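Just below is one structure, and these are the notes that go with it.
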Amino acid sequence: MQITCPHCGFNKKVDPEQLPAGASQVNCPKCKQSFLLSTTDTEPQEQTIDNDPQPGVHSSQFPVQGEIDALPKAGFWMRLVATMIDAFIVFVLQFLLGSLLALAGGAAAGHQGAVVNIAVLVQLFSFAVSIAYYVIFTGYCGQTPGKMALRIKVIRRDGSSLSYGRAAFREIPAKFISGIIFGIGYLMVAFDEQKQGLHDRMADTYVIKL
């Protein structure tokens with residue numbers, strides 16, 4: 001059985017008997033990204049592509065949409081716990097880094113106006129830390145530390161990983177809209193069939209269980 005990573009193209013022949021029973025995901029040893037295991041990958045990638053009768057049709061080594069939709073999704077409470085873990089981590093980072101910035105600015109400040117400016121700067125810096133935390137982690141691996149702890153991950157609806165641009169769209173404007181409508185965008189997770197919040201629908205993402 002030949003398994004090919006859809007992210008970096010790395011492929012390796014594996015004895016099907018060595019795979020754990022019920023295994024559905026594989027971690028690539030080269031790029032460290034996870035992807036769905038397709039049991040139909042019995043031939044090399046080149047041969048599958050050459051025999052593809054219709055250009056533009058995905059080969060069998062890529063998961064079809066039905067397989068993605070069938071993956072177990074993270075529910076409202078699981079995602080809430082992950083969010084609380086992330087919020088605590090962000091608070092600690094904001095407090096520590098903001099305090100250092102305030103101390104450094106306060107030592108250089110010589111008048112009342114400078115102190116006010118430093119306070120505004122600390123607030124802006126704290127906001128930037130929060131945004132960077134969520135965008136960088138989500139864009140890099142689809143998991144913030146809170147999601148890692150709960151073993152859940154953000155992916156695109158086609159099963160691929162998020163780009164930093166899509167992660168930024170999901171975490172900033174899409175979540176802002178989910179929250180500004182009295183949090184209804186977040187509550188949608190509890191009632192949606194695929195456990196998607198409004199921000200997930202806007203960014204075309206799922207949050208799956210690993």
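Annotations
- Magnitude of the charge dipole, region 78-210, Cβ model with Lys/Arg +1 and Asp/Glu -1, debye to 20: 320 debye
- Nonlocal amide H pairs with Gln2, under 5 Å, H built at 1.01 Å: Val14, Thr42, Glu43
- Based on protein heavy atoms only, region 145-210 ends up with 50 Å² per residue of surface accessible to a 1.4 Å probe.
- Convex hull volume per residue for region 72-196, taking Cα atoms only, in Å³: 118 Å³
- In straight-distance terms, cross-link reach from Lys153 covers every one of the lysines whose alpha-carbon lies under 21 Å from its own, apart from those fewer than eight places away in the same chain; here that gives Lys30, Lys32, Lys73, Lys175, Lys195, Lys209.
- With every protein chain in place, region 69-210: carbon and sulfur % of accessible area (1.4 Å): 73 percent
- For Lys73, residues with placed amide H under 5 Å, excluding near neighbours: Lys209
- Treating r as the C-beta distance of Cys8 and Ile180 and R0 as 45 Å, the FRET efficiency rounds to 0.70.
- 3J(HN,Hα) along region 82-96, derived from phi through the Karplus expression 6.51 cos²θ - 1.76 cosθ + 1.60 where θ = phi - 60°, amounts to 4, 5, 5, 4, 5, 4, 5, 4, 5, 4, 5, 5, 4, 5, 5 Hz, with x in place of Gly and Pro.
- Long-range amide H partners of Cys31 with built H, under 5 Å: none
The values are calculated or read from the model by the stated rules, or taken from the named source; none is laboratory data. A quick note: this is a predicted structure, and the numbers were derived from the prediction, not measured. Glycine also receives a Cβ, built like all others from the backbone with ideal geometry; neighbour counts cover every protein chain displayed. To get the accessible areas, we keep the full protein, side chains included, count just its heavy atoms, and leave off ligands, DNA and RNA. Shrake-Rupley method; radii C 1.70, N 1.55, O 1.52, S 1.80 Å.
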